[in-house]
Amino acid sequence: MANNSVDLVFEGFDTTDELGDVRTEVPEDLPDVQNDELIKSVLTKGVDLRQYSRQIEQELNSLEDEQLASYEEHEGALLELDSEIRSCDEVLENMERLLVNFKSSLGAINNDIQSLQNDSLSMSVKLKNRVVAEKQLDKIIQGVVVPPDAVRLICNGEVNERYLECLVEVNKRIAYMRVHSKQHKRLRAFQEIQPELDRLCFRASSKLREFLLDKINVLRSLNSNAHVLQSSIFLKYRFFNHFLIERHPEAAVEVRDSYIHIMRQYYLDHFETYQRGLMKLERVVADKADVIGMEESNKLSLFGAAKPVARDKANVFNLGARASSALIESEDSSPRAIVLSIASDANEKYTFEALFRSYSLALVDNATTEYEFIMQFFVSPKARQRITGSDMARMVFSHIFDPSMRVGEQFLKAYLETTYDALGVLLCVRIMSQLASELQRRQVPVLDSYVNSMNMLLWPRFQAILDGHIESAKRLASYKAKSKIDTQPPAIVRRYAELASSLLRLNQGYNTHVVALSLARLRTEVQAYLTHVADGSSDKHASLVFLINSYDLLLTVLYENGFSEREEEVSSWKQEFATTVMAFAESELEKHFGYLKLFVIDAERQSDIAQISADELGRTASVFNGEWRAQISAINSSIIQSFSNFRTGTEILHVVLGQLIIYYTRFHSLYDKRIARRAASASEICQPVGVQTVMVDIKKYRNNF
């Protein structure tokens with residue numbers, strides 16, 4: 001039928017009905033036909049459509065037969081496949097039913113889960129509340145419940161480290177009860193446990209009181225080492241005393257009073273023994289006669305044997321190595337205090353300041369240890385944070401150490417009543433100053449009163465001793481001076497120089513006004529004495545030599561001790577020395593070149609140079625030309641004989657010859673001016689030696705000393 005239709009379409013387009021149908025259908029299908037590749041190919045090649053239609057039909061029939069044959073061939077497989085499809089349909093129907101049932105089960109489970117979530121939230125809230133309540137209850141239980149073993153140990157056990165641990169736990173319970181008693185006063189547990197804790201606290205306080213009093217009684221023995229016991233026992237169990245202070249103040253006061261009473265006597269016995277031992281080691285340095293103005297003739301004993309003079313007793317006025325005794329050694333140095341047994345075996349003797357330093361160091365070291373112990377043992381941690389804790393420590397320390405400090409004061413008073421050693425007293429003052437600094441460094445404020453009382457004893461005595469030196473110098477100055485003077489420095493000069501040097505050394509870094517003022521007064525009296533001796537002599541040359549030698553010795557000692565002109569003491573004596581040397585130079589020139597000096601002074605007073613006598617000018621020049629070399633040599637010999645000190649003699653010779661050059665230069669100036677007025681008669685006046693010639697000759701004497 002398809003082939004016939006094709007034939008009709010392409011053959012006639014006549015009057016058949018089918019053709020009309022085709023005509024009506026072609027326009028609709030024509031675009032698809034035109035686009036068909038197979039039709040395009042057939043039309044392009046000009047193939048016969050009828051033949052081509054029949055061919056297509058045959059191919060279709062052939063394909064149909066093949067398909068039928070294939071179907072018959074696979075009929076069994078298709079039937080089996082159909083059976084499997086039916087079986088799968090049944091399985092799927094079962095699965096559908098199961099899934100529908102599972103869906104309904106899931107809905108029920110979802111409802112159950114929501115119910116469980118609600119129950120879980122409710123349980124979580126209840127659990128949190130229960131945990132909070134449990135924590136609060138556990139805290140309360142832990143705060144009030146005391147383990148039975150701890151109760152038995154505290155009531156009946158031995159006081160030891162285990163007892164300490166249990167007591168710490170019980171103290172925590174007691175503290176908790178006191179802090180929270182108002183907050184939980186309605187709790188039955190608090191009402192029941194409070195009386196039991198009070199009884200337990202009382203029982204513990206009783207045992208601790210007995211334990212501490214027994215340990216304190218051990219300190220009564222002089223052979224016991226209190227510091228070892230403090231560190232090994234008392235500080236180890238200091239919580240026991242802190243417990244008594246907070247829980248049973250009456251027992252704590254009893255323990256404290258017992259300790260104060262025993263340690264007061266303990267330190268007093270030890271320091272009295274130490275002080276007596278130190279007194280046996282003292283070496284007396286100076287007595288009443290050892291003053292700078294003492295007279296050697298008075299230093300005779302009752303049996304006529306001469307007592308060593310002051311300059312032979314170096315420690316009286318010369319500080320020497322005594323300054324080292326005023327230094328407080330560092331912690332790593334060898335023994336800070338004198339050990340009596342070692343010193344006695346070695347038969348050593350010490351100056352008082354060394355003994356005083358040793359006693360003071362022993363007092364400071366023991367006081368430091370004791371104060372630190374008191375702060376840790378008798379002051380509870382709570383009180384230590386308040387001012388009252390420091391006051392308590394001061395009170396306990398004062399009760400214990402007051403007698404020992406009075407021993408130190410009596411030790412010093414006994415020395416000061418008999419001593420005339422100004423250096424020793426000032427060394428003691430410096431020792432106290434350094435001890436005060438050491439106490440401040442250690443932060444131990446309890447010995448301030450001791451330091452102040454010692455200074456109040458030392459300074460008046462120091463002033464009194466220096467007043468004695470000043471009075472001795474005044475007495476010497478009041479004696480009638482001898483007409484014949486010894487040009488060598490008197491003994492008072494060296495004594496004063498050594499004493500002044502020593503006092504200046506001890507005043508370095510302190511600049512104490514008392515020391516400076518006393519030195520100024522002493523210097524004034526020594527100067528007055530030297531002036532008195534010099535003025536009493538009829539020999540002016542010897543007086544000047546005496547003063548120069550005295551000043552030179554003073555300055556030499558001061559320079560040897562390291563002092564320069566920056567010191568008032570040195571600058572004052574240096575000025576006196578320079579003034580006296582200049583006076584000596586004028587005296588020497590007046591003796592050997594008096595005519596020249598007198599002529600120059602008189603001539604310079606004239607208002608007109610013409611008033612100067614030419615004849616006198618010539619005679620002066622003639623005399624100078626004839627004897628100037630001999631006179632310079634005489635000056636050199638005089639200075640060599642008068643001054644044994646090379647440096648001083650050279651300096652004085654230079655000053656004298658320098659002054660000679662000045663006067664001679666002035667003479668030459670006058671000569672030149674006067675002769676210029678009389679040029680015609682210049683040859684009639686003696687020509688003076690040239691200044692340069694004199695200066696060249698003077699240079700020969702530069703190194704004669």
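Between residue 491 and residue 108, the simple spin-label model (points 7 angstrom out along Cα→Cβ) gives 13.6 nm. Extension gain for residue 52-residue 613 works out to 183.6 nm (0.36 nm per residue, less the C-alpha to C-alpha distance).
Each eigenvalue of the Cα gyration tensor of region 385-490, multiplied by 5 and square-rooted, gives one semi-axis; in descending order these are 45, 14, 9 Å. Positive end of the charge dipole of region 586-701 (Lys, Arg +1 and Asp, Glu -1 on Cβ, about the Cα centre): tell me which of 612, 692, 654 has its Cα farthest that way. Towards the positive end, the residue furthest out is 692. With the simple spin-label model, which puts each label point 7 Å out from Cα in the Cβ direction, the residue 517 to residue 539 separation comes to 4.2 nm. Our estimate of slack between residue 269 and residue 221, defined as 0.36 nm per intervening residue step minus the Cα-Cα distance, is 16.2 nm. Estimate the FRET efficiency between residue 369 and residue 456 by the formula 1/(1 + (r/R0)^6), using the beta-carbon distance for r and 22 Å for R0, to the nearest 0.05. That pair, residue 369 with residue 456, gives E of 0.25. When the pairs 591/700; 103/128; 288/540 are compared against a 27 Å limit on Cα-Cα distance, 103/128; 288/540 fall above it. Close amide H contacts of residue 282 (hydrogens built in the peptide plane, cut-off under 5 Å, sequence separation of 5 or more or a different chain): 350.
Dimensions of region 586-701 based on its C-alpha atoms, expressed as ranges along the principal axes with the largest first, amount to 51, 25, 17 Å. Computed from phi, the 3J(HN,Hα) profile of region 527-543 under the Karplus parametrisation 6.51, -1.76, 1.60 (θ = phi - 60°) reads 4, 5, 5, 4, 5, 4, 5, 5, 6, x, 8, 7, 8, 5, 4, 5, 4 Hz, with x in place of Gly and Pro.
For region 493-542, the Cβ-based charge dipole about the Cα centre amounts to some 160 debye (Lys, Arg positive; Asp, Glu negative; other atoms uncharged). Size of region 528-646 from its Cα atoms: along the principal axes, largest to smallest, the extents are 56, 32, 29 Å. Once the Cβ-Cβ distance of residue 231 and residue 418 is raised to the sixth power relative to R0 = 45 Å, the FRET efficiency obtained is 0.65.
The alpha-carbon atoms of region 487-551 define a convex hull whose volume equals 67 cubic angstrom per residue. Multiplying the residue separation of residue 644 and residue 662 by 0.36 nm and removing their Cα-Cα distance gives an extension gain of 3.8 nm. Along the axis of the charge dipole computed for region 444-554 (Cβ charges of +1 for Lys and Arg, -1 for Asp and Glu, origin at the Cα centre), the listed residues 496, 547, 517 are led at the positive end by 547. Model label points for residue 344 and residue 162, set 7 angstrom from Cα along the Cα-to-Cβ axis, are 4.7 nm apart.
No value in this document is a laboratory result; all are computed from the given coordinates. Predicted model only: the values in this text are computed from it and were never measured. Methodologically, a virtual Cβ is constructed for each residue, glycine included, from the backbone with ideal geometry; neighbour enumeration extends over all protein chains shown.
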